[in-house]
1. Please find, within the stretch 203-221, the residue that is farthest from Val337 (Cα to Cα) out of those that are assigned to a helix (DSSP H, G or I) and touching a Gly at 6+ places or on another chain (Cβ under 9 Å).
2. Six or more apart or on different chains, Cβ under 8 Å: which pairs go from a residue in the stretch 367-392 that's at positive phi to one that's basic (Lys, Arg)? Could you list them?
3. For the stretch 330-359, enumerate the residues that are touching a helix residue (DSSP H, G or I) at 6+ places or on another chain (Cβ under 7 Å) and closer than 11 Å to Gly297 by Cβ.
4. Please go through the stretch 135-148 and pick out each residue that is touching a strand residue (DSSP E or B) at 6+ places or on another chain (Cβ under 9 Å), surrounded by fewer than 24 Cβ atoms within 10 Å (Cβ to Cβ) and closer than 20 Å to Arg121 by Cβ.
5. Considering only the stretch 299-308, state which residues are out of contact with any Lys or Arg (no Cβ under 9 Å at 6 or more places or on another chain) and in a helix (DSSP H, G or I).
6. Taking the stretch 250-280, which residues are surrounded by 20 or more Cβ atoms within 10 Å (Cβ to Cβ) and under 23 Å from Ala201 (Cα atoms)?
7. Need pairs with beta-carbon distance below 6 Å; first residue closer than 17 Å to Leu367 by Cβ and within the stretch 335-354, second modelled with pLDDT under 90 and assigned to a loop (DSSP other than H, G, I, E, B); sequence gap 6+ or separate chains.
8. Let me confirm something: among Leu311, Leu334, Leu351, which residue is modelled with pLDDT under 95, among the aliphatic types (A, V, I, L, M) and not in a strand (DSSP E or B)?
Amino acid sequence: MTRIALVLVLLAGTVAAADPAVQLTDGDPRPSADPVLETVGDLEIPDVSQLVRVDRNKRPSREAMRNSAFILKTRPHPVAGDRYVVLTDHRDPRFLSSLQRLAKARDGIILRVDDLAVLGRDPKKLDSLRKKLQEARVRFLAVAPRKESFRENMLLGLWELTSTLDDDPQIDVLPGILLASTAKHLAALVDRSLRHRPLPASQLKPLAISQVPRVEELRSLQKAGVLRKWFARSGVATPIVAVYSRRAVEAAKLTGKNIWNLQATGQQPFLKSFPPAADKAFRSASLVVMHGHGVPGMSCGVDVDGLPADLSGKVILSGSCFAASPVRSDFPALRQVPGGYEIRKRDAFGLRAIDNGATVFFGHMRLSMGFPHLFPVLEAWSKGKTVGESYQQLINGLIAVRGFRSGRFVVPPGRAAGRRIPQNLLLYVVFGDPAVRPLKAVATAAK
């Protein structure tokens with residue numbers, strides 16, 4: 001039995017408003033009605049229970065929206081089937097052999113298509129595939145695209161397909177994306193998935209990595225504080241790595257045990273290495289949750305080349321933009337993204353993490369909302385839910401909020417322009433076997 005390491009790279013911390021450098025200790029678990037007011041800069045550090053849960057009928061305030069201080073409301077959605085299905089457009093026998101091994105181990109089947117990248121363009125092929133999934137009584141759907149097929153409309157075509165298996169507009173399978181850069185890396189991902197056992201709270205070792213891009217932009221630090229409180233309910237300490245940009249030298253900082261404030265420089269704007277103690281914390285962490293800005297090749301101030309070469313069994317969640325960016329895109333290129341970063345063609349953070357040994361990675365293909373959409377996934381895991389269940393609940397929550405319906409998922413060629421693409425909301429990705437259950441239920445953390 002192999003214990004999965006879950007890496008929570010949180011981009012937040014707890015700082016008192018009156019002092020730019022405040023001592024933090026792990027302390028004892030506190031109830032949700034925390035009598036001690038904690039702030040980071042001018043932002044209060046609320047308990048998770050104090051954050052508004054939003055849906056189609058309840059929207060966040062302007063302040064909550066500006067600080068990403070709210071949580072998307074999600075709920076379970078029943079799935080009629082009970083079968084594990086692998087959907088792939090791989091043709092190379094080396095890739096197919098790993099997928100066949102996974103399907104056999106899960107008592108499932110493989111469905112092959114010519115090209116997943118154009119999944120939603122041909123109504124006849126889509127209808128044929130829909131009937132096959134219905135006949136197979138699919139429950140878990142492991143989608144294994146070729147690297148070049150993994151694009152925005154591939155994912156949106158998947159939502160078109162899986163939201164039309166019955167009459168309601170919700171996703172009717174428990175999905176996961178199996179993506180790796182080589183056949184060898186895919187085989188290793190399958191091996192890790194089949195060996196995985198849910199991690200109990202007693203073995204949970206979260207790590208929070210926080211990015212501070214400017215003196216006045218501290219919402220990522222706030223989220224680290226929120227999560228630190230949340231884990232403390234279960235008696236779990238949360239080390240924090242805070243990455244400060246060149247424009248944030250004077251920003252509020254955290255001090256205390258297992259807190260590292262790291263300064264980026266003009267020569268090294270994104271971290272490619274960590275001090276020994278922080279590096280040890282990263283390597284020993286079992287859960288990493290990341291919040292902050294991102295571009296292809298960088299997530300939350302950490303360069304893709306700064307990832308440890310061995311991430312064996314870790315689960316990583318990133319709240320940054322472009323953490324799961326595709327090699328080829330269906331949408332117009334963006335020159336700049338939030339944070340003022342220029343986009344360059346580099347390896348995706350999520351794909352590198354999987355290649356380096358992570359078992360599960362959560363991220364976004366383009367512009368991510370961050371904490372409000374990341375936390376529901378983490379919360380579902382804390383209740384013992386599978387990768388597929390947590391992913392389905394997130395996407396269904398987003399579909400409900402925006403009222404997406406069949407025929408409105410895939411973006412026709414030439415229709416996408418700039419940042420204002422409504423379907424961007426649905427481009428969250430979970431790399432990993434949908435049947436994997438990252439955590440055993442953590443009762444106190446889920447309250």
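The values are calculated or read from the model by the stated rules, or taken from the named source; none is laboratory data. Remember, predicted model here, so these are calculated numbers, not experimental data. All Cβ positions, even for glycine, are placed from backbone atoms using ideal geometry, and neighbour counts span all protein chains on display.
1. Leu221
2. Gly370/Lys223; Gly384/Arg437; Gly384/Lys440
3. Once the filter is applied, which keeps residues that are touching a helix residue (DSSP H, G or I) at 6+ places or on another chain (Cβ under 7 Å) and closer than 11 Å to Gly297 by Cβ, the stretch 330-359 yields Arg346, Asp347, Phe349, Arg352.
4. Filtering the stretch 135-148 down to residues touching a strand residue (DSSP E or B) at 6+ places or on another chain (Cβ under 9 Å) leaves 136-146.
Subset that is surrounded by fewer than 24 Cβ atoms within 10 Å (Cβ to Cβ): 136-137, 139, 146.
Of everything in the stretch 135-148, just one residue is touching a strand residue (DSSP E or B) at 6+ places or on another chain (Cβ under 9 Å), surrounded by fewer than 24 Cβ atoms within 10 Å (Cβ to Cβ) and closer than 20 Å to Arg121 by Cβ, namely Arg146.
5. Correct list: empty.
6. Ile259, Ala278
7. Ile343/Leu334
8. The match here is Leu334.
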